[in-house]
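First up is the structure itself, then whatever we jot down about it.
The values are calculated or read from the model by the stated rules, or taken from the named source; none is laboratory data. Predicted model only: the values in this text are computed from it and were never measured. Here the Cβ is made from the backbone with ideal geometry for all residues, glycine too, and neighbour counts use every protein chain on show. Keep in mind that these areas ignore ligands, DNA and RNA; they rest on the heavy atoms of the full protein, side chains included. Shrake-Rupley method; radii C 1.70, N 1.55, O 1.52, S 1.80 Å.
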Protein chains: 2
Amino acid sequence: MASTDKASPCDRLLDAAARLSYRDGVSIGVETLCREAGVSKRSMYQLFDSKDQMLAASLERRVARYQARLAHPDPDAATPRERILYVFEQLEKGSVDPDYHGCPYLAVLVELKDPEHPASAVARGVKQTLKEAFRTEAERGGARDPELLARQLLLIFDGASARAGARVERLDDGLATATATALLDAAGLA
Amino acid sequence: MASTDKASPCDRLLDAAARLSYRDGVSIGVETLCREAGVSKRSMYQLFDSKDQMLAASLERRVARYQARLAHPDPDAATPRERILYVFEQLEKGSVDPDYHGCPYLAVLVELKDPEHPASAVARGVKQTLKEAFRTEAERGGARDPELLARQLLLIFDGASARAGARVERLDDGLATATATALLDAAGLA
DNA sequence: GCGCGGCGAAACCGATCGGTGTATTCCATG
DNA sequence: CATGGAATACACCGATCGGTTTCGCCGCGC
């Protein structure tokens, strides 16, 4: 059976929306989405009010998985520095996938220039959460200015993911971790 | 008279394409573009082979202006460090404009996931040129690894422009220059 | 005065957009 | 077996997509 069988129409729709909108952009058509999910357009509009809300739901659905992949597997044993650098190591590991096209949440924010779009709100929330995670680690590690360090790390994170996704830069030599390390050192993080 | 009068149809078209595709995204329609430029669709298709090529031309047209805005006004008197930091100061100055939506070349690369698109090639070229400018300054300033430093600075540049354009971050407190400075120091740049 | 070329207005092309209406089928529950 | 909700197929809506074509005006050279 195909990987999309057996799941509920709602799940199949959200998975297809996440996959295709990430690969082809948010302007992917609902017709294509439904065909890919094996769900009729009529069913889709009974499950969701609009394409915009389905897109937001498809982003929301993957938030936990996304954050879990960036979280250090053994948080208690790791230092703040290790937990921060683990995020960038994971970014570098993911970027070698030929299907990698950058952080999907940043891509949505760039493509949907409308900040009122429901999907933009989801994406902003993910970015905010990551920043707060960085800031918490920065505080625990004794950084001189935890807020500043967190904002700097997000500059690196988003810059690296955007450039790697656009195939303008490669991260597989540790560019992101090296840059983050330089900032951690400059911030006086333990 | 409107600002678009008196210029040639070609210029008006390219200006409108640059303005609207930057504001609304590259999926802006040719109908809208032509209406804004006051040029008939027929004339547009005599001047350009396709919408894609017109988009590429509109990006190309602004390259020199874009690069000039990032270049230090007095290159001979300035140190490599000053010339590098000037780029980030200009980025921060531009980002306070309410119409700022990030670096237009990075936005095009993210929106047009197709690297074969003629506009993608133009955008990649701009990024490459900026990286080489950074590397030249890094060499002249005696950085330990000029190539690495140039790549790191572009991470900052693109991360800052994308986040500022998406209104997820503000640069008006000097975030970009502060981060770049930390990297220059870490690289041993004079 | 006349014809011709360039250009704008607008119709037109097939395709696709987001979204809806309607009729039908499937399946689980009572 | 009957009923009802869920899902289907499919036609349809007006709008817009990138792109082409027709027509008619206007100015310039002969």
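Some observations on this one:
- Looking only at the stretch B:17-63, and only at residues there that are acidic (Asp, Glu) and more than 8 Å from DNA strand D (Cβ to nearest atom), the one that is nearest to residue B:99 (Cα to Cα): B:24
- Test result for residue A:40, hydroxyl-bearing (Ser, Thr, Tyr), surrounded by fewer than 19 Cβ atoms within 10 Å (Cβ to Cβ) and over 24 Å from residue B:27 (Cα atoms): yes
- Extreme residue, nearest to the chain's Cα centre (by Cα), among residues of the stretch A:159-177 that are under 14 Å from residue A:89 (Cβ atoms) and more than 7 Å from chain B (Cβ to nearest Cβ): A:161
- Those residues of the stretch A:158-178 which are in contact (Cβ under 8 Å) with a residue 24 or more places away in the chain and at positive phi, in sequence order: A:174
- Per-region count, the stretch A:9-24, residues within 14 Å of chain B (Cβ to nearest Cβ) and surrounded by fewer than 22 Cβ atoms within 10 Å (Cβ to Cβ): 4
- Of B:181, B:129, all but one fail to be in the same structural domain as residue B:103 (by TED's automatic domain parsing), within 16 Å of residue A:149 (Cα to Cα) and either open to solvent by 20 Å² or more (accessible area, probe 1.4 Å) or touching a residue at least 24 places away in the same chain (Cβ under 8 Å) (or both); the exception is B:181.
- Any hit, the stretch A:87-102, residues being away from chain B (no Cβ under 14 Å), within 16 Å of DNA strand D (Cβ to nearest atom) and over 18 Å from residue A:21 (Cβ atoms): no
- Filtering the stretch A:25-55 to residues that are near DNA strand C (Cβ under 6 Å from one of its atoms), away from every other protein chain (no Cβ under 14 Å) and not in a helix (DSSP H, G or I) leaves only A:50.
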